[in-house]
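Below you'll find the structure, written out as structure tokens, and then a few comments.
Quick note: the coordinates plus some simple rules give every number you see, no bench work behind them. All values derive from a computational prediction rather than experimental measurement. In this analysis, Cβ positions are derived from the backbone assuming ideal geometry, glycine residues included, and neighbour counts consider all displayed protein chains.
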Amino acid sequence: MKFEYNLSDLIKRKRYSITLSIPKSSKWRGIYALFYQGKLVYVGQTTNFGYRLSTHRRKYGYELEYSFYKLPGASVKKLLLYEAIYINYYNPPFNVDTKVYNK
């Protein structure tokens, strides 16, 4: 499976405050990053972005920012692969249970 995105794309995308803007659409699927004080702290994948973001807000608080890379046609397997690639590359501190992708 070819990795189709540049690793820095997610990190360089526009960031939004988790307090002010949780998307209304829960149907978005893709890869997201959470930032605290400008530093990457978490990378994840989701098939329900609005719900997943609200769980992070409850868990980590309101001072986070996020960026999102929407991948509408991506399978869960592909999302897990991309998540593992980002986590292994950036090693964010909140990703303590790093998933290992097995072919």
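Restricting attention to the stretch 76-86 and to residues that are more than 15 Å from residue 11 (Cα to Cα) and among the charged types (D, E, K, R), the residue that is surrounded by the most Cβ atoms within 10 Å (Cβ to Cβ) turns out to be 78.
Entry remark, the stretch 50-75: residues being buried (at least 16 other Cβ atoms within 10 Å of the Cβ), of a type in the set (Ser, Thr, Tyr) and without any contact (Cβ under 8 Å) to a residue 60 or more places away in the chain number 2 in total.
Applying a threshold of 8 Å to beta carbon distances and a minimum spacing of six or more residues, or different chains, the list of pairs starting in the stretch 76-97 at a residue that is in contact (Cβ under 8 Å) with a residue 40 or more places away in the chain and ending at one that is assigned to a helix (DSSP H, G or I) and surrounded by 12 or more Cβ atoms within 10 Å (Cβ to Cβ) reads 85/7; 86/7; 86/10; 89/7; 90/7; 90/11; 94/60; 95/87.
Of the residues in the stretch 26-63, how many are among the aromatic types (Phe, Trp, Tyr), closer than 27 Å to residue 74 by Cα and in a loop (DSSP other than H, G, I, E, B)? Within the stretch 26-63, residues that are among the aromatic types (Phe, Trp, Tyr), closer than 27 Å to residue 74 by Cα and in a loop (DSSP other than H, G, I, E, B) number 1. If you go through the stretch 65-85 and keep only what is basic (Lys, Arg) and part of a helix (DSSP H, G or I), you end up with 77, 78.
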